[in-house]
1. Within the group Pro100, Pro107, which residue is buried (at least 22 other Cβ atoms within 10 Å of the Cβ) and either out of contact with any helix residue (DSSP H, G or I) (no Cβ under 8 Å at 6 or more places or on another chain) or assigned by TED's automatic domain parsing to the domain that holds Gly171 (or both)?
2. Being outside any strand (DSSP E or B), under 30 Å from Phe196 (Cα atoms) and of a type in the set (A, V, I, L, M, F, W, C) is the filter here, so list the residues in region 122-159 that pass it.
3. From Ala216, Ala222, Ala194, Ala228, grab the single residue that is over 27 Å from Gly148 (Cα atoms) and hydrophobic (A, V, I, L, M, F, W, C).
4. Hey, among the residues in region 145-165 that are of a type in the set (A, V, I, L, M) and within 11 Å of the chain's Cα centre (by Cα), which one's farthest from Arg106 (Cα to Cα)?
5. Hey, can you tell me all the residues within region 25-45 that are among the small types (Gly, Ala, Ser), surrounded by fewer than 18 Cβ atoms within 10 Å (Cβ to Cβ) and touching a Leu at 6+ places or on another chain (Cβ under 8 Å)?
6. Taking region 206-227 only, how many residues are under 30 Å from Ile172 (Cβ atoms) and surrounded by 14 or more Cβ atoms within 10 Å (Cβ to Cβ)?
7. Against the definition (under 30 Å from Gly229 (Cβ atoms) and either in a helix (DSSP H, G or I) or in the same structural domain as Ala276 (by TED's automatic domain parsing) (or both)), how does Asp119 come out, yes or no?
8. Could you please let me know if Phe64 is within 21 Å of the chain's Cα centre (by Cα) and in contact (Cβ under 8 Å) with a residue 40 or more places away in the chain?
Amino acid sequence: MSPTHFSGTRVPGPGSRNPEIAFFGGGNMARALIGGLLRSGVPAAALRVSEPRAEARAELAQAFAIATHADNAEAARGAALWVLAVKPQVLHAVCTALAPRAQAERPLVLSIAAGIRNDQIERWLGGDLAVVRAMPNTPALLGAGAAGLCANARVDGAGRALVERVLGAVGITCWIEDEAQMDVVTALSGSGPAYFFLLVEALEQAAVARGLPREAARALAAQTCLGAGRMLLESGATAGELRQRVTSPGGTTAAALERFGAGGFAALIAAGLSAAVQRGAELSALAQD
């Protein structure tokens, strides 16, 4: 590998089509990213994962034919990109233990831990490192994810391109320049699938309460939301424009929307989003410095 140096951190140069990538933590999001990278053409030999549970390591090796390690420092050896895919509560311990290796090897670091700031990660790893904070979401498991990304000042175009390649293997990416807004990203797209599932659940239950068989209610609610999402992505129209197109004056849709409005639907969504943003800030504050 012929590295390019910037701000004291090593990232792969233009000739390094498949840099070595080390994942720390082998949970669902790591598995989604590994699977997406393999489907995009990254060879299994370029990937490795560190996972403390022997059973999980065996499953990862069988599913993806990649190298697995019980020791984080061993998995990190020689990797150009480190993907921190552990829970926020243990990230401090993981990073401080890896600090000597980070200082020796100068990797690009990608964290998908909710609520943990770039400056915290960089400091825990010993400083002077390129760090990208990402907030992917669970539809990445199906290749339909959405990830907000925020880089510190040490990440250049090559680093951004590499991170886009990793997260882009399982969905869309969106760069956020102001890290303070990452808590909003977490509340919007990170937690957003749960809001969607709650809506579908409520629609299903309301239809069942009106006498529709549950199986039919579930299928119709899920497919309706899927179709609406596709229309939003593929039509080029805004959500407001599409809503207006399906709302005939005095019709059934208008009646439902009027009741939603009277019940404070938009205000309730805003309040829920605000609660998630606040919790994200609290997680960051609770992290050990």
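1. Values: Pro100 fails: buried (at least 22 other Cβ atoms within 10 Å of the Cβ).
So the residue among Pro100, Pro107 that is buried (at least 22 other Cβ atoms within 10 Å of the Cβ) and either out of contact with any helix residue (DSSP H, G or I) (no Cβ under 8 Å at 6 or more places or on another chain) or assigned by TED's automatic domain parsing to the domain that holds Gly171 (or both) is Pro107.
2. Residues of region 122-159 that are outside any strand (DSSP E or B), as a first pass: 122-129, 136-144, 152-159.
Checking which are under 30 Å from Phe196 (Cα atoms) leaves us with 136-144.
Hits for region 122-159 are Ala140, Leu141, Leu142, Ala144.
3. Working: Ala222 fails: over 27 Å from Gly148 (Cα atoms); Ala194 fails: over 27 Å from Gly148 (Cα atoms); Ala228 fails: over 27 Å from Gly148 (Cα atoms).
Selected residue: Ala216, the only one of Ala216, Ala222, Ala194, Ala228 that is over 27 Å from Gly148 (Cα atoms) and hydrophobic (A, V, I, L, M, F, W, C).
4. To start, the set of residues in region 145-165 that are of a type in the set (A, V, I, L, M) comprises 146-147, 149, 151, 153, 155, 158, 161-163.
Right, trim to within 11 Å of the chain's Cα centre (by Cα) and you get 146-147, 149.
On the way: Ala146: 28, Ala147: 25, Leu149: 20 Å.
Filtering first and then ranking leaves Ala146.
5. Once the filter is applied, which keeps residues that are among the small types (Gly, Ala, Ser), surrounded by fewer than 18 Cβ atoms within 10 Å (Cβ to Cβ) and touching a Leu at 6+ places or on another chain (Cβ under 8 Å), region 25-45 yields only Ala44.
6. 5
7. No; evaluated as a whole, the condition is false for this residue.
8. It is false that Phe64 is within 21 Å of the chain's Cα centre (by Cα) and in contact (Cβ under 8 Å) with a residue 40 or more places away in the chain.
The values are calculated or read from the model by the stated rules, or taken from the named source; none is laboratory data. On a predicted model such as this, the values are computed, not experimentally measured, just so you know. Neighbour counts are summed over all protein chains in view; Cβ atoms, including those assigned to glycine, are modelled from backbone coordinates with ideal geometry.
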